[in-house]
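Q: Take this structure, written in structure tokens, and hold onto it; I'll ask about it next.
Bear in mind that the values in this text are calculations on the coordinates, not laboratory data. Every value quoted in this text rests on a predicted model; they were computed, and no experiment measured them. Reconstructed Cβ throughout: ideal geometry from the backbone, glycine too, with neighbour counts over all protein chains shown.
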Amino acid sequence: MNTLYLVMPAYNEAENIRKVIADWYPVLEEASEDSRLVIADSGSTDDTHAILRELQASEYPKLEILEDTIKYHGPKVIALYDYAIKQGADYIFQTDSDGQTDPAEFSDFWKDREKFDAIFGNRTVRGDGQSRAFVEGVVCFLLRLYFGVKVPDANAPFRLMKTETVAKYLYKLPADYDLPNIMMVAYMKKFNENVDFREISFKPRLAGENSINIPSIVKHGMNALRDFHRLKKEIYND
């Protein structure tokens, strides 16, 4: 009962992806033999996909690639979770493919996997700038306002979850939902799953450009307000 699916969305990460896979692939050794590293890459306009295929064929037999997902981050995360559920994984660990998280911090989460339904990272110091930290603070405020849950970090891409717990809530979201990790945290806290938050480091990107900029933050923020209102109604009607 220790099958781990380590999942990552990717988009135009040609400059990062070799190092990210080399750094994270050894984590699979802590889990069972049938564990996998699964990367969703759809829509990249650089060499990300070709590099993934090369690495899969030459060095990393436990690397799997989802290439038929919607190209945006949120839907890719949903597709990855859905894939892990359907493949029978016991645990799902999600991080991003931009090199901002540290694989050395995984073991602390993994050793306590049976104690919690989910363990979430908490980025107390962020290498991606104050504007992103401010947005995260607003998100946490909105979760408290809309759903009555208090969390220190709702969207950290460093989370270990029991697959059975993810399956309880994933299918409440549409497949193209933009902010699944935020809502997974909200659902798990609202319905009193046994969750923990632990401090993690969060580095600047290794290379490349972040696809989330100020205009997209505003757009996502407006969509989040609408979706939070709808999802709040659904929670209280369940």
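Q: Compute the length gained on full extension between ASP102 and GLU30: take 0.36 nm times their separation in residues and subtract their Cα-Cα distance, giving the result in nm to one decimal.
A: 24.4 nm
Q: Please compute the length gained on full extension between PHE191 and ARG144, using 0.36 nm multiplied by the number of residues separating them and subtracting their Cα-Cα distance.
A: 15.5 nm
Q: Only bridges whose two residues both fall in the chain count here: according to DSSP, what percent of them are antiparallel, nearest 5? Display every interim value, and only then the final one.
A: Working: 8 of 27 bridges.
Around 30 percent of the beta bridges assigned by DSSP in the chain are antiparallel ones.
Q: How many angstrom separate the Cα center of the range 177-200 from the Cα center of the range 22-86?
A: Here the two parts' Cα centres lie 23 Å apart.
Q: For helix 130-147, what angle does its Cα long axis make with the longest principal axis of the chain, in degrees from 0 to 90 and rounded to 10?
A: Tilt of helix 130-147: around 50 degrees.
Q: Per-residue HN-Hα couplings for the range 161-166, Karplus 6.51 cos²θ - 1.76 cosθ + 1.60 at θ = phi - 60°, whole Hz, x for Gly and Pro?
A: Ordered by residue, 3J(HN,Hα) equals 9, 5, 4, 4, 6, 4 Hz.
Q: So how much slack lies between GLU114 and ALA50, counting 0.36 nm per residue of separation and subtracting their Cα-Cα distance, in nm?
A: 19.3 nm is the gain from fully extending GLU114 to ALA50.
Q: Could you go through the range 91-106 in sequence order and give the Karplus-derived ³J(HN,Hα) for each residue, using 6.51 cos²θ - 1.76 cosθ + 1.60 with θ = phi - 60°, rounded to whole Hz, and x for Gly and Pro?
A: Working through the residues one at a time gives 9, 10, 10, 10, 9, 9, 9, 9, x, 8, 9, 10, x, 5, 8, 5 Hz.
Q: Hey, what number do you get for the chain at 222 nm if only DSSP H runs of n ≥ 4 count, each worth -39500 (n - 2.57), divided across all residues, to the nearest 500?
A: Numbers: 8 runs with 99 residues, N = 238.
-13000 deg cm²/dmol, from helical runs alone.
Q: Okay, moving on. For labels at ASP23 and LYS86 in the simple 7 Å Cα→Cβ model, what's the distance in nm?
A: 3.1
Q: Still on this structure, please answer the following. Return the distance in nm (one decimal) between the two label points of a simple spin-label model at GLU164 and ASP176, each offset 7 Å from Cα along Cα→Cβ.
A: 3.5
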